[in-house]
Amino acid sequence: MALLRREDVEPKEHKDHKDHKEPAEPEPGAILGKGSRFEGKLGFDGTVRIDGEFKGDIVSEGKLVVGDNARIDGNVSVGVAVVSGTLTGTLKAKTLVELRPHARVNGEISTASLVIERGAQFDGTVKMSKA
């Protein structure tokens, strides 16, 4: 069980290698864009980004990115969750949950590692277990 800072999770830059660049975050396989609404069940491989409204269940071993303007109401079970928007319900992530500065989460979080950045709001309970 661990409560980590962003610095503990993200790789540090190599100061001795000026040309060295960190690998870019992979492009999402699917995007639910701003202004769109979806209700149902979502399953996916890889990375999915949600910028609109989603109501229902999300189940995947992949990475879920919740954009600043996104609203999710339901049960989420993923490998990694990066939340910048609003999520109401249960959030289970196998390895990591990261709440970015604009995140608003109401409900239960269950994960091995949790990062809450300054400005994020969380109202609920946390259960932490080994990955």
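The values are calculated or read from the model by the stated rules, or taken from the named source; none is laboratory data. Nothing here was measured: the structure is a model prediction, and the numbers come from that model. Using ideal geometry, Cβ is built from the backbone for each residue, glycine included, and neighbour counts are taken over all protein chains shown.
The one condition from (1) under 25 Å from Lys130 (Cβ atoms); (2) at pLDDT below 95; (3) surrounded by 17 or more Cβ atoms within 10 Å (Cβ to Cβ); (4) among the hydrophobic types (A, V, I, L, M, F, W, C) that Ile116 does not meet is (2).
The listed residues are Gly33, Gly43, Gly52, Gly56, and the only one of them that is touching a Ser or Thr at 6+ places or on another chain (Cβ under 8 Å), touching a residue at least 12 places away in the same chain (Cβ under 8 Å) and surrounded by fewer than 17 Cβ atoms within 10 Å (Cβ to Cβ) turns out to be Gly43.
Quick one: is Glu98 farther than 19 Å from Glu39 by Cα, acidic (Asp, Glu) and under 12 Å from the mean Cα position of the chain (by Cα)? Can you show your working first?
On the way: farther than 19 Å from Glu39 by Cα: yes; acidic (Asp, Glu): yes; under 12 Å from the mean Cα position of the chain (by Cα): yes.
So Glu98 passes the test.
Here's the yes/no breakdown for (1) touching a Cys at 6+ places or on another chain (Cβ under 7 Å); (2) under 22 Å from Gly33 (Cα atoms); (3) among the β-branched types (Val, Ile, Thr); (4) without any contact (Cβ under 8 Å) to a residue 40 or more places away in the chain:
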{"residue": "Gly85", "(1), (2), (3), (4)": "no, yes, no, yes"}
{"residue": "Lys92", "(1), (2), (3), (4)": "no, no, no, yes"}
{"residue": "Ala103", "(1), (2), (3), (4)": "no, yes, no, yes"}
{"residue": "Ser113", "(1), (2), (3), (4)": "no, no, no, no"}
{"residue": "Glu117", "(1), (2), (3), (4)": "no, no, no, no"}
{"residue": "Phe122", "(1), (2), (3), (4)": "no, no, no, yes"}
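Filtering Lys92, Lys130 for residues that are more than 18 Å from Gly52 (Cβ to Cβ), assigned to a strand (DSSP E or B) and in contact with a strand residue (DSSP E or B) (Cβ under 8 Å, 6 or more places away or on another chain) leaves a single hit, Lys92.
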